[in-house]
Amino acid sequence: MRTIEAATALVRHDAPTAVSAYEALVADFPAEAVFDADLARAYLLAGRLDDARRVNRKALELNPQYWPGHALEARAFARCRIDCQRPPMRLCGCVPLPLRRLVSS
């Protein structure tokens, strides 16, 4: 029931309800990458980019093969680049995880 409420809020772009519902699900099911990734989507919808990237990274640590997490990381990267207007490949919080590893090596 709670997952339906959370997903419905996300689809309806009701950021406050989606964030609240997914935060509760993540607290109850901390090992489920899908809830972390969906919470990240809710944070992104709410304009909380740093929180979205932090939670999404947790989802990718739980399940590195979870492709929606990688897609969200790319979306967050693009949004951050627009918001902070940094030049390409400049090392900052905007660089997606795989690129940061390559550039930092």
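Values in this text are rule-based calculations from the coordinates and carry no lab data. As the structure is a computational prediction, the values presented were derived from the model and not from experiment.
Work out, step by step, the length gained on full extension between residue 24 and residue 63: first 0.36 nm times the residue separation, then minus their alpha carbon distance; give nm to one decimal. Show your work: numbers first, answer last.
On the way: separation 39, 0.36 × 39 = 14.04 nm, distance 2.00 nm.
Length gained between residue 24 and residue 63: 12.0 nm.
How long is the gain from residue 31 to residue 14 if the chain were fully straight, where each residue apart is worth 0.36 nm and the alpha carbon distance is subtracted? Walk me through the numbers before you get to the answer.
Values: separation 17, 0.36 × 17 = 6.12 nm, distance 2.49 nm.
In short, 3.6 nm is gained.
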